[in-house]
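Please read the structure below before turning to the comments.
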Amino acid sequence: MATRQARRQQQRAGQRRGGRPSQRGRPATPWYLGPWGLGAAVLVIAVVVVAIVVSNNGSSNAGGSFDNKPVPKSILTAVTSPGQSELATVGSGGVPNPWTKIKGRQTPFTLGGKPELLYYGAEFCPYCAAERWGMIAALSRFGTFKGLGLMKSTANDVFPSTNTFTFRHASYTSPYLAFSAREVEDRNGRALQTPTAREQTVINRYDKKPYSTQALGFPFLYLDGKAVGNLPSIAIDGALHANTTDPYSSALSWSQIAGGLVNAGSPQARAVFGNANWITAGICRVDGNKPASVCSAKPIPALEAKLKF
Amino acid sequence: MANRSAVRAPERKPARAASEPAEPPAAAGPVVPVWLPWLIMVISVVGIGISAYLTVVHYAKLPLACPTNGIVNCALVTSSPYSVVGTTSIPITVPGIGWFVVSGALAAASLLAASGRLRYSQLRIAGAHLIWAVLGLLFVLYLLSVEALRLHHYCEWCSGVHVLVLITFILALVQWQRLMAARWA
């Protein structure tokens, strides 16, 4: 009788634990101690991982009133139309020579019979954000942009939300130079544009040491097969933020940067136009110093003399 | 009258409470396969190796052997503010090395306990290992969320370490399950 009682207690205990009582009266193994338990744990982990990977980080990088909107004329004018005397006063702006000569055999990189400048970057990239200001200023001396859009770099990196432009839908025409821009990722890191096979070959070959500090890094400039541009992005980016030495300080607005550009002594003018002057000197070197109005004006000849290609 | 003293009443074992698991039956072999803790130890060695490499790269400021291609950018991830412990300059790979060392030690202890050379029960060690693995897994999920939601880039080496932690968790869970199931049987 005592044995029957003990057996009944075991059966009831097995039922309370959720298992079916075995034929011998022993409690069944709970489900979480078997394959179902392991499967449930793996499933939960998988769901969490997938949720993390696919979720957007929300409003900080969401498209806003700026996302690829046309650049206001006042800002574009400030960037593309500085006075000649201001450019001469800025000189290099304290920006070091960014151009590195391609070693060994140099294969011309041309498009439509003109020397080509290739830009490889991304919309999220804070350093690309800084470079575009100087690039637009320089290239506007040789041709005309259309379709430039406003953009900010990612909010989740150094120099967060740097106010800048995007080349995503831009076109450039010039009688002296061809310009190809590839924004390969958008502000959220999603794939955007793809370099052509010809461009990818150049990127794979030269966007690495000794020309770049990081293989396939952004931004990358390649000029007519003669030089790679390693622009001092950190110094320039600092000038576009409230605190030039704090990489996490808040970004100046487009208007604030444009306002600083009119003053040759401002950090914004020295960084942007100093960078632009170096880019201009490089272009003048490969296009036969045309137009003369640009390539003969100070400080371009002095900077061009320092180029090693 | 029968001599009652000659007839002994059957022994009455106290009824076992529902919460008490049965004594484990005499097993025909080890409950936990021997290869399981050995595999965890091998994983720990690999994890220590990768974490040590990332630590050396951090301090020596060497370039990582990792391509930058679209969403993969090891340099960006390993140089971000999230790559160090709090506000210190200690890379998080250092506690990562510590995690793998402890995991490997627990696996070794499980083997010793199974062979009776340790006075702690293998189940207790397996329980501790499972807790340790859960803690590691939670931290991996945190790092993954930082990569996905803050940095928008991933690091191949870091992902390799994360996978090793996940595999360790699965193996630790299986080990604990088998030992617990053996006690329930």
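Overview of values
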{"quantity": "Average partner coverage of A:33-40, which counts Cβ from other chains inside 10 Å", "calculated": "3"}
{"quantity": "Packing-based exposure ordering (other Cβ within 10 Å, fewest first) of A:32, A:119", "calculated": "A:32, A:119"}
{"quantity": "Rg ratio (alpha-carbon, reference 2.2 N^0.38 Å) - chain A", "calculated": "1.52"}
{"quantity": "Karplus 3J(HN,Hα) series, Hz, for region A:108-122 with 6.51 cos²θ - 1.76 cosθ + 1.60 (x for Gly, Pro)", "calculated": "x, 10, 10, 8, x, x, 10, x, 10, 10, 9, 10, 10, x, 8"}
{"quantity": "Proximal lysines to residue A:73, defined as alpha-carbon separation beneath 28 angstrom and excluding residues fewer than eight positions away on the same chain", "calculated": "A:146, A:152, A:290, A:298"}
{"quantity": "Amide H contacts under 5 Å for residue A:181, placed H, 5+ residues apart", "calculated": "A:119"}
{"quantity": "Packing-based exposure ordering (other Cβ within 10 Å, fewest first) of A:76, B:118, B:137", "calculated": "B:118, A:76, B:137"}
{"quantity": "Proximal lysines relative to residue A:208, as straight alpha-carbon distance under 18 Å, when same-chain residues fewer than 8 apart are discounted", "calculated": "A:101, A:103, A:226, B:61"}
{"quantity": "For region A:144-156, 3J(HN,Hα) per residue [Karplus equation, 6.51 cos²θ - 1.76 cosθ + 1.60, θ = phi - 60°, Hz, x = Gly/Pro]", "calculated": "10, 9, 9, x, 5, x, 6, 7, 10, 6, 4, 7, 10"}
{"quantity": "Space enclosed by the convex hull of the alpha-carbon atoms of region B:45-185, per residue, Å³", "calculated": "115 Å³"}
{"quantity": "Contact order relative to length of chain A, as percent, for alpha carbon pairs under 8 angstrom and 6 or more apart", "calculated": "23 percent"}
{"quantity": "Using θ = phi - 60° and Karplus 6.51 cos²θ - 1.76 cosθ + 1.60, couplings along region A:213-223 (whole Hz; Gly, Pro as x)", "calculated": "6, 9, 4, 6, x, 10, x, 9, 10, 10, 10"}
{"quantity": "Globularity ratio of region A:179-309, using Cα Rg and 2.2 N^0.38 Å", "calculated": "1.18"}
{"quantity": "Only Lys, Arg (+1) and Asp, Glu (-1) charged, at Cβ; region A:164-226 dipole about Cα centre in debye", "calculated": "140 debye"}
{"quantity": "Sequence-separation-based contact order of region B:33-184, relative, with Cα cut under 8 Å and 6+ spacing, percent", "calculated": "33 percent"}
{"quantity": "Given charges at Cβ of Lys, Arg, Asp, Glu: chain A dipole, positive-most of A:297, A:164, A:275", "calculated": "A:164"}
{"quantity": "Residue among A:187, A:270, A:205 with the largest mean-square fluctuation in a Gaussian network model of chain A, springs linking Cα atoms under 10 Å", "calculated": "A:205"}
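Each value in this text was obtained by applying a stated rule to the coordinates, not by laboratory testing. Source: prediction; values computed, not measured. Please note: Cβ atoms are built from the backbone with ideal geometry, for glycine as well, and neighbour counts cover all protein chains shown.
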